[in-house]
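Below is one structure, written out as structure tokens; the observations come after it.
The values are calculated or read from the model by the stated rules, or taken from the named source; none is laboratory data. Since the structure is predicted, the reported quantities are computational estimates derived from the model, not experimental observations. Using ideal geometry, Cβ is built from the backbone for each residue, glycine included, and neighbour counts are taken over all protein chains shown.
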Amino acid sequence: MARAGEKSHSKHGRGGPEPGPPVARRNVDNIWEKGSYVKDIGPASEARGLFVVSQAAQGQSRNGPYWRLTLADASGSLEAKIWHPLSAEFSDIPVGSVVWAEGRAGLYRDQVQLTVEQLRPLSEEEGAAVDQAALLPASPFSLDEMLDELLALCKEEFSHAPWRKLVLGVFNNQELRASFRVCPAAKGVHHAYVGGLLEHTLSVFRLCRRIADQYPELDRQALLAGALFHDFGKIREFSGGLANDYTDEGRLLGHLMLGVEMLAPYLAKSGLDEGLQRHLKHLILSHHGELQFGAVRQPHTAEALALHYADNLDAKMAQCRGLFDQLGGEGQDWTPWQATLGRPLYRAPRTPEASKPETAASASSAAKGRKKAVREECLSLLKV
């Protein structure tokens, strides 16, 4: 299939990085107007707006070098291409930079792809006048409420004094607690947004409680400790912020090893039996299930198997939710091919059921909670 727009270039003149006229209007608060959102960009539509460059790589086509970008905002992300000769005007497009992009969208391998006709990176001064909430996706749930629930469940579940001392010791560290609260759970695929790690951890913790109820022969507290800390190393694996890229230690060690390393000083002071400490480390290092999926070891205990399936289930359900949210209305029920799943997904019709309409107050509260989360993430990044 021919790449949409490969021969096209800017009809507005070449959109290189040199200074130019304002790319977007400012509102009464002197904030750049966002323009197009990713979720509203469909095949054969035009796009003009501010985006974050979350990925950038150069490639070579028959007509010359090109740039392959992933442009993102609070509503999602899409692939974009800058074809030759416009591509030659950019020696570097930094990941995490904010750009004004204009172009036309088309379909390539069943996915929307933007052919960029004009691109201008914003200066630091211009970037400071961008509403970060429009660019950073965040959990739809209140971060404060999720963290309060998780800590309350921990106090309820961990009755064995050494487990309790370990958990309270970690979460009494205000720096770790604050980082855990806003950290994304991934760079893409699932929970890749502000508060994603907290949301995913709480969900896996809830699932493991139910699994332990169903299978009382499991070591309930060991399983729940594994659920709580299985992805804790992602605090140091991901940079967060607009770029949300892998850190050097994230690339070299990965979050499984980092998680065990981060817990070491707290385990040493916990008084936890050596066998339980070893089991917790195994739970963390094996929760990816298979070596080819990043596990250091395959799960060798019943609790490790349970944690692996709970983690995988929550990740897959979050992926489904995100993919279905991107589908259109009636008649658009198949997602594009998903490489991580090896298949497209189908949104099946639902059994009719009575539902309570969302009140205006609850909708407003959810929106305010999301904006607060993004604002706090931005402030935390400024302090680094």
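Identify all residues within the range 126-142 that are within 7 Å of ALA74 (Cα to Cα) and assigned to a loop (DSSP other than H, G, I, E, B); write none if there are none.
LEU135, LEU136, PRO137
Looking at (1) within 23 Å of the chain's Cα centre (by Cα); (2) aliphatic (A, V, I, L, M); (3) buried (at least 21 other Cβ atoms within 10 Å of the Cβ), which is the one condition that is false for ALA212?
(1)
Do we have VAL384 as under 20 Å from LEU202 (Cβ atoms) and at pLDDT below 90 here?
Answer is no for this residue.
Say we look at the range 292-311 and pick out the residues that are in contact (Cβ under 8 Å) with a residue 24 or more places away in the chain and in a loop (DSSP other than H, G, I, E, B); which of these is farthest from LEU198 (Cα to Cα)?
Filtering the range 292-311 for residues that are in contact (Cβ under 8 Å) with a residue 24 or more places away in the chain and in a loop (DSSP other than H, G, I, E, B), the one farthest from LEU198 (Cα to Cα) comes out as VAL296.
Quick check on LEU258: is it out of contact with any strand residue (DSSP E or B) (no Cβ under 8 Å at 6 or more places or on another chain) and in contact (Cβ under 8 Å) with a residue 40 or more places away in the chain?
No; evaluated as a whole, the condition is false for this residue.
Within the range 196-203, does at least one residue satisfy the condition of being of a type in the set (Val, Ile, Thr), at pLDDT 95 or above and either crowded, with 23+ Cβ neighbours inside 10 Å or touching a strand residue (DSSP E or B) at 6+ places or on another chain (Cβ under 8 Å) (or both)?
yes
Residue check, ASP73 against (1) within 23 Å of the chain's Cα centre (by Cα); (2) farther than 14 Å from LYS34 by Cα; (3) charged (D, E, K, R), all met but one. Which one?
(2)
State which residue pairs qualify: first residue within 21 Å of LEU283 (Cα to Cα) and inside the range 312-323, second residue part of a helix (DSSP H, G or I) in any location, beta carbons under 8 Å apart, and separation of 6 or more residues or different chains.
Every condition considered, the pairs that remain are LEU313/LEU207; ASP314/HIS200; ASP314/SER203; ASP314/VAL204; ASP314/LEU207; ALA315/HIS200.
State whether the residues of the range 276-290 include one that is out of contact with any His (no Cβ under 6 Å at 6 or more places or on another chain), closer than 17 Å to LYS187 by Cβ and not aromatic (Phe, Trp, Tyr).
Scanning the range 276-290, I find at least one residue that is out of contact with any His (no Cβ under 6 Å at 6 or more places or on another chain), closer than 17 Å to LYS187 by Cβ and not aromatic (Phe, Trp, Tyr), so the answer is yes.
Could you say which residue among GLY169, GLY195 is at positive phi and either of a type in the set (A, V, I, L, M) or assigned by TED's automatic domain parsing to the domain that holds GLU261 (or both)?
Only one candidate passes the filter, namely GLY195.
I'd like to verify a number: residues in the range 324-341 that are without any contact (Cβ under 8 Å) to a residue 40 or more places away in the chain, in contact with a helix residue (DSSP H, G or I) (Cβ under 8 Å, 6 or more places away or on another chain) and part of a loop (DSSP other than H, G, I, E, B), how many?
Residues meeting the conditions: 2.
Condition first: at pLDDT 95 or above and crowded, with 23+ Cβ neighbours inside 10 Å. Can you find one or more residues in the range 240-251 that meet it?
no
Quick one: which of LEU150, LEU107 is at pLDDT below 95, more than 26 Å from ASP245 (Cβ to Cβ) and aliphatic (A, V, I, L, M)?
Result: LEU107 is the single residue among LEU150, LEU107 that is at pLDDT below 95, more than 26 Å from ASP245 (Cβ to Cβ) and aliphatic (A, V, I, L, M).
Name the residues in the range 168-195 that are buried (at least 22 other Cβ atoms within 10 Å of the Cβ) and β-branched (Val, Ile, Thr), would you?
Result: VAL182, VAL194.
For the range 286-319, give me each residue that is among the hydrophobic types (A, V, I, L, M, F, W, C) and under 19 Å from PHE205 (Cβ atoms).
ALA302, ALA304, LEU305, ALA306, LEU307, ALA310, LEU313, ALA315, MET317, ALA318
Given the residues GLY289, GLY241, which is the only one that is in contact (Cβ under 8 Å) with a residue 60 or more places away in the chain, part of a loop (DSSP other than H, G, I, E, B) and out of contact with any Lys or Arg (no Cβ under 8 Å at 6 or more places or on another chain)?
Residue meeting the stated conditions: GLY241.
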